[in-house]
Amino acid sequence: MHVLLSLALGSGLYLVFRSLTGGPRSAGPRSGRRGRRLGWAAHPLAAPGSDGVGLRELAPASAAGAAAGGALAQLLFGWPVVTLAAAGTGLLLPGWYYRQRALQRRAEVEEAVGEAVEMLRDAVRIGLGIEEALRALAQAGPTALRPVLEGMERDFRLAGFEEGLERARERLQEPLFDTLAVALLTAYRIGGRNLAAVLDGLSHSIRGTVQVRREVRAQQAQNVLSARVIAALPVVLILVIRGSNPNYLAAFSEPAGQAVLACCLLSVFAGYTVMLRQASLPGRERVLR
C-alpha cells in the first residue's frame with residue numbers, strides 16, 4: 001500500500017513539476033496568457049467546425065458516461081471515492097471527445113484556407129474577377145470549406161458581395177479566413193490590380209502559419225500523451241494489485257484509507273490539469289471582429 005500511495009502522490013507532483021518547467025510557450029506574452037486563460041472557451045462546442053453540438057445534445061451523453069463510469073468503478077473496487085472519480089471522468093468524456101473533434105475540424109479548415117487562397121490566386125491570374133473567382137471556388141474548392149463557400153455564393157446573389165463575405169466570416173469564425181476576407185474586401189473597394197501578388201504573399205504567410213501550428217500541435221500531443229501515461233500509472237497499478245492480491249488493498253476500504261485515496265486522486269488530477277493547460281495552444285485573434 002505504501003508503494004501505491006507513493007506512486008499516486010509522486011505522479012501528481014511530477015505532473016505539476018513538468019507543467020511548471022516544460023511544455024510549449026507562446027511567443028507573445030499577452031496572446032499566450034489570454035489563450036491559456038480562455039482554455040475550453042476558445043473552442044466552444046457550438047462553434048462552427050464542431051458539428052453544432054450543444055448542451056442539449058451533450059447532456060444525455062454526459063449523464064450516460066457518468067452512470068457507466070460510476071457503475072464500473074463500483075463493480076470493480078467498491079470504493080466511494082473511486083466511484084465518484086470515475087463518474088466525474090465519465091461525465092467529462094463526451095465533452096472532451098467533441099472538443100477534440102472540433103479541434104481536428106479546425107486544423108482541417110486551416111489547411112483548406114491555404115488551398116483556397118492558392119486557387120483564388122490562380123483564378124485571378126487567368127483574368128477572373130473577385131466574385132467570379134469566389135463562385136468558382138464554391139464549386140471546386142476544398143471540401144472543408146465547401147458548405148461555407150456555397151452559402152457565401154447564395155448570399156452574393158441575395159445580399160451583395162460585402163454582406164455575403166461578412167456572413168461567410170461569421171459562419172466560419174477562422175482567423176486565417178478573416179485575413180483573406182480583408183484582402184478581398186480591400187481589393188473589391190479600391191480595385192484589385194495587384195490582387196494576384198497580394199494573394200501570393202498571403203498564401204506563403206498562411207502556409208507558414210499552418211506549418212508552425214502543425215509542429216506545435218505535434219509537440220503538444222507528445223506532452224499530453226506523457227501526462228496521460230503518468231496519470232494512468234496509479235490506476236493500472238491498483239488494477240494489477242486488485243487482481244493479484246486484493247487483501248493488500250483492504251486498508252483503502254476504511255474511512256481513513258478513503259481519505260488518503262482521495263488526496264492521491266486530487267494530486268494526480270491537479271497535476272494533469274495544470275500540465276494540460278500549460279501544453280494548450282495560445283488563442284488566435286480574429287481580424288475585423
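The values are calculated or read from the model by the stated rules, or taken from the named source; none is laboratory data. Everything numeric here is computed off the predicted structure, so don't read it as measured data. Here the Cβ is made from the backbone with ideal geometry for all residues, glycine too, and neighbour counts use every protein chain on show. With ligands, DNA and RNA removed, areas are computed over all heavy atoms of the protein, side chains included. Shrake-Rupley method; radii C 1.70, N 1.55, O 1.52, S 1.80 Å.
Could you please let me know if ALA231 is over 26 Å from ALA107 (Cα atoms), open to solvent by less than 70 Å² (accessible area, probe 1.4 Å) and within 24 Å of the chain's Cα centre (by Cα)? In short, yes.
All of (1) without any contact (Cβ under 8 Å) to a residue 40 or more places away in the chain; (2) surrounded by fewer than 20 Cβ atoms within 10 Å (Cβ to Cβ); (3) touching a helix residue (DSSP H, G or I) at 6+ places or on another chain (Cβ under 8 Å); (4) part of a helix (DSSP H, G or I) hold for GLY65 with one exception: (2). Here SER203 meets each of (1) open to solvent by 50 Å² or more (accessible area, probe 1.4 Å); (2) closer than 19 Å to MET119 by Cα; (3) polar (S, T, N, Q) with one exception, condition (1). Checking every residue in region 152-160 against the condition of being on the phi > 0 side of the Ramachandran plot and either open to solvent by less than 30 Å² (accessible area, probe 1.4 Å) or among the charged types (D, E, K, R) (or both) gives at least one match.
Being more than 30 Å from TRP96 (Cβ to Cβ) and touching a Phe, Trp or Tyr at 6+ places or on another chain (Cβ under 8 Å) is the filter here; which residues of region 224-258 pass it? Residue satisfying the conditions is SER253 alone. List pairs: first in region 117-128 and part of a loop (DSSP other than H, G, I, E, B), second open to solvent by 70 Å² or more (accessible area, probe 1.4 Å), Cβ under 8 Å, 6+ apart or cross-chain? No pair meets every condition.
Looking at VAL82, VAL109, can you tell me which residue is out of contact with any Cys (no Cβ under 9 Å at 6 or more places or on another chain) and open to solvent by 20 Å² or more (accessible area, probe 1.4 Å)?
VAL82
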